[in-house]
Structure formats: structure tokens, C-alpha cells
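Colleague: Below are the C-alpha cells for one structure; questions will follow.
The values are calculated or read from the model by the stated rules, or taken from the named source; none is laboratory data. Predicted, not measured: the structure shown is a model, and the values here were computed from it. Cβ atoms come from the backbone with ideal geometry, glycine included; neighbour counts cover every protein chain shown. The protein model used for the area step is the full one, side chains on, heavy atoms only, and it has no ligands, DNA or RNA in it. Shrake-Rupley method; radii C 1.70, N 1.55, O 1.52, S 1.80 Å.
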Amino acid sequence: MAKDTVPEPTQRSACTLTASHISAILTIAADAIIALDENFNITLFNDGAAAIFGYKPSEILRRPLDLLIPERMRARHHRHVAAFSTSPVAARKMGERQEIFALRKDGTEFPAEASIAKQATGGNTDYMVLLRDVTERKLTEAALATANTKLEARVAQRTQALEAEIKRRE
């Protein structure tokens, strides 16, 4: 059987391709990709983050992450971040135990899913966050649950009617 062969790139060209690919991913990603410094100031805010949050990168870069977290959730978020910062775990999905919310520039909150990773570089720890707005999914799930409840009620009514008809015919 013939085997396809692809020439091995040099290490230098592989690094160039990697940087090029990362740049393209950051540009086209619909999800928010946000990088933070050790003080949790925003150092990278991709186009997906701009679309989701409503900030231009120039408005949010070097600003605190707290701008994107609802006031009512900031203290809890700080506790979780402090625990993550000192843990040996390099990455984790946020919101595994509870739903998380984020805050748009216009002040509206939205449900989100997020993952965070940390990387020690040059004596500092940087953080990378991937966040997805799940508003549409939550609305769809709620509509589906409502439709399911209505359907179950109709099935129960029809079952009662059929049972009554069976008893009447006996």
C-alpha cells in the first residue's frame, strides 16, 4: 500500500507557520479569546471577544478583567481565580459546578461557558481565557423544555381520554 509522504518542515518554518496559524485563529474565532497578565489585566482581546462584549480592543486592552464580570459575581470569581492561580492544574473549564455569566459593555449580562489556562513565562504567570456566549443555546433549551412540557400535558390528557373511552366500552 502506498503511503503519502509530506516533507518535514524545518523548525524555523514550523514556528513561522505556527505563529501565522495562531494569528489566523485569533482573527476568525467567533468565541472570545482573551489573554491576561499576572494582575488580570487584559493583554489580548480578539475579534470574537469584541463582537461578544461590545468593546473595541483599544477600549479594553490593559484594563482589568473585572469589567467583563458582573458586579454580583466578582468576589466569587476572585476566590476561584486565587485558588486556580496557586493550584498545580494548568487549565480548567470554568462553571463546572455552577452557571457563569459575563458582562457586555452595555451592561447586559449573558450566560457563558469558559475555559482558562495559565502559563508561567519569564517569572510571571499569564492567563488565557476562551469564552463562548451561550445565550442562544439557553433560549433554545428553554423553548425545547417548554414544548416538551406542553407535549407531555397533551399526551397525559389524551391518555386519560383513551382510558375513559376504554372503560366506557367495557
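Colleague: Would you call Arg154 modelled with pLDDT under 90, in a helix (DSSP H, G or I), open to solvent by 50 Å² or more (accessible area, probe 1.4 Å) and over 30 Å from Leu61 (Cβ atoms)?
Modeller: no
Colleague: Filter region 133-151 for residues that are part of a helix (DSSP H, G or I) and open to solvent by less than 50 Å² (accessible area, probe 1.4 Å) and give the result.
Modeller: Hit for region 133-151 is Thr135, nothing else.
Colleague: Residues Ala35, Ala50: which one is within 15 Å of Leu131 (Cα to Cα) and either part of a strand (DSSP E or B) or open to solvent by 70 Å² or more (accessible area, probe 1.4 Å) (or both)?
Modeller: After ruling out the rest, the residue left standing is Ala35.
Colleague: Another question, then. For region 96-122, name all the residues that are open to solvent by 80 Å² or more (accessible area, probe 1.4 Å) and on the phi > 0 side of the Ramachandran plot.
Modeller: Listed by number, the list holds a single entry, Gly122.
Colleague: Collect the residues in region 82-129 that are among the aliphatic types (A, V, I, L, M) and not in a strand (DSSP E or B), keeping them in residue-number order.
Modeller: Ala82, Ala83, Val89, Ala90
Colleague: Here's a follow-up. Residues being hydrophobic (A, V, I, L, M, F, W, C) and over 30 Å from Ile42 (Cβ atoms): count how many of those fall in region 113-170.
Modeller: Quick first cut of region 113-170, residues hydrophobic (A, V, I, L, M, F, W, C) only: 114, 116-117, 120, 128-131, 134, 139, 142-145, 147, 151, 153, 155-156, 161-162, 164, 166.
With over 30 Å from Ile42 (Cβ atoms) added as a condition, the list becomes 142-145, 147, 151, 153, 155-156, 161-162, 164, 166.
Result for region 113-170: 13.
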